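Right, one structure below, let's go through it.
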Amino acid sequence: MNLFADFQDRIAALLRGLIAEGRLPADLDLKRFVVEPPRDASHGDLATNAAMVYAKDAKPGFANPRELAAQIAFTLAAMADVETAEVAGPGFINIRLQPSVFAKVARAALADAGYGRGAPDPAAPPVNVEYVSANPTGPMHVGHGRGAVFGDALASLLAFAGRKVTREYYINDAGSQVDVLARSAFLRYREALGESVGEIPEGLYPGDYLKPVGAALAQAHGRALHDRPESEWLPLVRRFAIDAMMDMIREDLAAMNIRHDVFFSERALTEGEGGADLVGAAIADLRARGIVYVGRLPPPKGQLPDDWEDREQTLFRSTDFGDDVDRPLMKSDGSYTYFASDIAYHKSKVDRGFSDMIDVWGADHGGYVKRMQAAVNAVSGGKATLDVKLCQLVKLMRDGEPVTMSKRAGTFVTLREVVEEVGVDAVRFMMLFRKNDATLEFDLAKVIEQSRENPVFYVQYAHARARSVLRQAKNAFEDFDAADAALAGADFSLLSDEGEIGLLRLIAQYPRQVEAAAAAHEPHRIAFYLHDLASAFQAHWNKGKDQPHLRFVNEEKRESTHARVALVVCLTKVLASGLGVLGVSAPDEMR
């Protein structure tokens with residue numbers, strides 16, 4: 001049961017009535033207005049901006065937003081389940097519902113195991129969410145972890161909202177960085193054969209994580225690779241090392257309960273089945289449509305970079321699609337630019353049937369967004385969209401002091417080390433308890449504190465405490481029936497305290513929160529909502545300490561206990577559901 005969607009439909013029907021009367025034009029887009037919780041709960045249960053949106057299109061008499069709002073509010077107020085509908089400010093409408101509506105919400109939450117879940121829309125295109133895509137050159141660090149958690153939670157949120165989702169990882173297994181990986185692994189191979197390699201030369205990867213790779217190479221090949229020229233051993237060692245790194249990355253992801261449906265190899269773009277060159281094919285396709293040309297780029301503004309060349313280049317007309325400048329597709333040595341490979345990769349997504357794409361990148365790729373969106377527009381003929389979500393840096397702290405080094409990785413703290421220290425729940429929730437484009441300070445000491453200041457503990461504790469209410473009720477009444485069907489028969493009119501009504505209002509908002517968070521591609525909204533719900537529950541629990549008549553379980557008042565336990569079970573269902581969307585557990589007890 002989604003109250004907000006219900007009233008969205010009702011108001012759309014009212015607007016269609018005004019269209020039929022000729023008071024509004026027939027071509028109105030009735031999806032432009034919203035029904036949402038008012039910013040101030042004292043203003044009511046629902047608020048809509050419909051009159052503000054459509055008044056400028058109205059005929060005389062309704063052209064003033066307040067006049068149109070008054071007509072809509074008058075009709076809404078006449079509905080049986082509406083207590084009041086009032087015009088506020090320049091034309092907003094605040095709606096207060098009859099208490100019986102929230103009893104229906106509670107019964108719906110008890111009856112529906114998937115309360116809050118969106119209905120699948122057969123007309124909605126499948127969405128591809130690409131996330132992590134870390135270079136396969138070592139273990140994942142905390143920065144990778146933020147993008148991994150964000151992408152995984154976003155994919156789960158979209159699926160929960162009714163979308164068909166494919167989770168994808170782009171393996172950057174082409175380019176100079178994997179050649180450096182191969183040379184680093186070969187050094188560890190020589191070490192495994194008994195050579196003293198001394199300090200790792202600058203430019204190679206220094207971490208101890210490559211020692212097992214070198215040992216495995218020595219076991220598999222003995223000394224057979226040792227005296228061969230680099231041109232012979234490099235491709236073999238590169239493939240071996242990439243496979244080992246991807247196994248490590250998959251293990252790191254599994255430790256975070258993160259999975260992918262597709263692992264797409266960058267190398268496959270130019271070394272595909274039968275020698276297929278997908279990058280060249282993508283460039284040829286764009287050239288045939290006049291989107292690729294040979295020309296010269298103007299010099300960059302300001303001081304010229306050392307690598308800038310004034311030469312004719314193969315260029316993509318990205319300025320035709322909203323970018324700042326056209327972009328080169330070929331290097332001076334005839335090889336493809338990274339951008340050309342990325343065009344071919346995203347064209348492969350389009351060819352696989354994805355017109356709705358989301359990429360999760362690190363904040364350092366912000367300057368790359370416009371050109372990639374231009375490329376997707378071009379290769380799809382304007383039929384596909386790309387939303388790029390940038391994840392800002394993670395500052396790893398311990399009691400307020402920076403943590404910067406890892407013996408295993410050599411230069412950074414690995415994600416696995418953080419998970420092993422504080423647990424996957426703390427990592428996931430705290431990575432999501434901040435908007436993705438805001439810098440995150442992750443304090444290893446604070447995220448395991450059992451206090452109100454620790455959001456993940458606070459929300460999980462609310463769930464565990466709520467579950468304890470059910471145990472208390474069973475102890476107070478030996479024959480207490482805690483089945484959902486029995487609780488749905490409770491007399492919810494007995495819930496009259498403002499704290500109880502406030503909890504019901506928040507529970508009613510859950511489907512809307514899911515819908516809005518999915519539409520905005522912002523899973524942090526669910527984390528914020530869960531914290532608000534937990535705070536409201538804890539506040540009402542504390543009121544019961546001072547006012548015994550408000551306690552959830554009262555041995556002398558079975559009927560009110562029945563209603564309050566039903567309320568609490570609804571709350572546990574929503575908390576568990578929201579935590580599940582975020583990939584966080586909902587414990588029945590805190591240990």
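Going by what's in this entry, would Leu390 be described as among the hydrophobic types (A, V, I, L, M, F, W, C), buried (at least 20 other Cβ atoms within 10 Å of the Cβ), part of a strand (DSSP E or B) and in contact (Cβ under 8 Å) with a residue 12 or more places away in the chain?
On the way: among the hydrophobic types (A, V, I, L, M, F, W, C): yes; buried (at least 20 other Cβ atoms within 10 Å of the Cβ): no; part of a strand (DSSP E or B): yes; in contact (Cβ under 8 Å) with a residue 12 or more places away in the chain: yes.
When the stated conditions are applied, Leu390 does not pass them.
Give the residue that is farthest from Val35 (Cα to Cα), with candidates limited to residues of the range 515-545 that are charged (D, E, K, R) and not in a loop (DSSP other than H, G, I, E, B).
So in the range 515-545, the residues charged (D, E, K, R) come out as 515, 522, 525, 532, 543, 545.
Checking the rest, the ones that are also not in a loop (DSSP other than H, G, I, E, B) come to 515, 525, 532, 543, 545.
On the way: Glu515: 12, Arg525: 17, Asp532: 20, Lys543: 31, Lys545: 36 Å.
Only one residue tops the list, namely Lys545.
Check Arg16, Arg23, Arg10, Arg66 and return the single one that is more than 38 Å from the chain's Cα centre (by Cα) and among the basic types (Lys, Arg). Working first, answer last.
On the way: Arg16 fails: more than 38 Å from the chain's Cα centre (by Cα); Arg10 fails: more than 38 Å from the chain's Cα centre (by Cα); Arg66 fails: more than 38 Å from the chain's Cα centre (by Cα).
Answer to the check: Arg23.
Here are some conditions: (1) part of a loop (DSSP other than H, G, I, E, B); (2) loosely packed, with under 12 Cβ neighbours inside 10 Å; (3) free of Cβ contacts under 8 Å to residues at least 24 places away in the same chain. Gly274 meets all but one. Which one does it not meet?
(1)
Considering only residues that are aliphatic (A, V, I, L, M), out of contact with any His (no Cβ under 8 Å at 6 or more places or on another chain), crowded, with 18+ Cβ neighbours inside 10 Å and in a helix (DSSP H, G or I), which ones fall in the range 474-508? Break it down into steps so the answer makes sense when it comes.
Within the range 474-508, the subset aliphatic (A, V, I, L, M) is 476, 482-483, 485-488, 490, 494-495, 501, 503-504, 506-508.
Next cut, out of contact with any His (no Cβ under 8 Å at 6 or more places or on another chain) only: 476, 482-483, 485-486, 488, 494-495, 501, 504, 506-508.
This time we only want the ones that are crowded, with 18+ Cβ neighbours inside 10 Å, so: 488, 495, 504, 506-508.
Correct list: Ala488, Leu504, Leu506, Ile507, Ala508.
Restricting the search to the range 20-53, which residues are surrounded by 16 or more Cβ atoms within 10 Å (Cβ to Cβ) and over 15 Å from Ala516 (Cα atoms)?
Residues satisfying the conditions are Arg23, Leu24, Leu28, Leu30, His43, Gly44, Asp45, Asn49, Ala50, Ala51, Met52, Val53.
Looking for something under 26 Å from the mean Cα position of the chain (by Cα) and loosely packed, with under 11 Cβ neighbours inside 10 Å - is there at least one such residue anywhere in the range 356-375?
Restricting attention to the range 356-375, the residues satisfying the condition of being under 26 Å from the mean Cα position of the chain (by Cα) are 356-375.
Going one step further and asking which of them are loosely packed, with under 11 Cβ neighbours inside 10 Å, we end up with 367.
Yes, the range 356-375 has at least one match.
Of all residues in the range 106-134 being hydrophobic (A, V, I, L, M, F, W, C), outside any strand (DSSP E or B) and buried (at least 16 other Cβ atoms within 10 Å of the Cβ), which is modelled with the lowest pLDDT? If you could, list the steps in order and put the result at the bottom.
Kept after step one, since they are hydrophobic (A, V, I, L, M, F, W, C), are these residues of the range 106-134: 106, 108-111, 113, 119, 123-124, 127, 129, 132, 134.
When the remaining residues are screened for being outside any strand (DSSP E or B), the result is 106, 108-111, 113, 119, 123-124, 132, 134.
With the extra rule that they be buried (at least 16 other Cβ atoms within 10 Å of the Cβ), the set shrinks to 106, 108-110, 132, 134.
On the way: Ala106: 95, Ala108: 94, Ala109: 95, Leu110: 95, Val132: 94, Ala134: 87.
It comes out as Ala134.
Of the residues Leu97, Leu68, which single one is modelled with pLDDT of 95 or more and surrounded by 21 or more Cβ atoms within 10 Å (Cβ to Cβ)? Walk me through it before giving the result.
Numbers: Leu68 fails: modelled with pLDDT of 95 or more.
It is Leu97.
All but one of (1) over 30 Å from Val165 (Cα atoms); (2) not assigned by TED's automatic domain parsing to the domain that holds Val180; (3) not basic (Lys, Arg) hold for Leu234; which doesn't?
Answer for Leu234: the failing condition is (2).
Just checking, which of Ile258, Ile283 is over 30 Å from His221 (Cα atoms), buried (at least 16 other Cβ atoms within 10 Å of the Cβ) and not assigned by TED's automatic domain parsing to the domain that holds Arg327? Let's see the steps before the verdict.
Details: Ile283 fails: not assigned by TED's automatic domain parsing to the domain that holds Arg327.
Exactly one of Ile258, Ile283 is over 30 Å from His221 (Cα atoms), buried (at least 16 other Cβ atoms within 10 Å of the Cβ) and not assigned by TED's automatic domain parsing to the domain that holds Arg327, namely Ile258.
State all residues of the range 473-524 that are of a type in the set (Lys, Arg) and under 22 Å from the mean Cα position of the chain (by Cα); if no residue qualifies, say none.
Here is the first cut: in the range 473-524, the residues of a type in the set (Lys, Arg) are 474, 505, 512.
The answer is Arg512, and nothing else.
Kindly evaluate Asp323 against the criterion of being surrounded by 11 or more Cβ atoms within 10 Å (Cβ to Cβ) and part of a loop (DSSP other than H, G, I, E, B).
Working: surrounded by 11 or more Cβ atoms within 10 Å (Cβ to Cβ): yes; part of a loop (DSSP other than H, G, I, E, B): yes.
So Asp323 passes the test.
Among the residues in the range 165-183, are any among the β-branched types (Val, Ile, Thr) and part of a helix (DSSP H, G or I)? Walk me through how you get there before you give the answer.
Residues of the range 165-183 that are among the β-branched types (Val, Ile, Thr), as a first pass: 165-166, 171, 178, 180.
In the following step, the residues that additionally are part of a helix (DSSP H, G or I) were identified as 178, 180.
Yes; the residues of the range 165-183 include at least one that is among the β-branched types (Val, Ile, Thr) and part of a helix (DSSP H, G or I).
For Asn436, which of the numbered conditions (1) among the polar types (S, T, N, Q); (2) surrounded by fewer than 20 Cβ atoms within 10 Å (Cβ to Cβ); (3) not in a helix (DSSP H, G or I) fails to hold?
The number of the failed condition is (2).
Would you mind telling me which numbered condition in (1) in a helix (DSSP H, G or I); (2) touching a residue at least 40 places away in the same chain (Cβ under 8 Å) Asp247 fails?
For Asp247, the exception is condition (2).
The values are calculated or read from the model by the stated rules, or taken from the named source; none is laboratory data. Note that this is a predicted model, so its numbers are computed, not measured. When we count neighbours, we look across all protein chains shown, and the Cβ atoms used for this are built from the backbone with ideal geometry, even at glycine.
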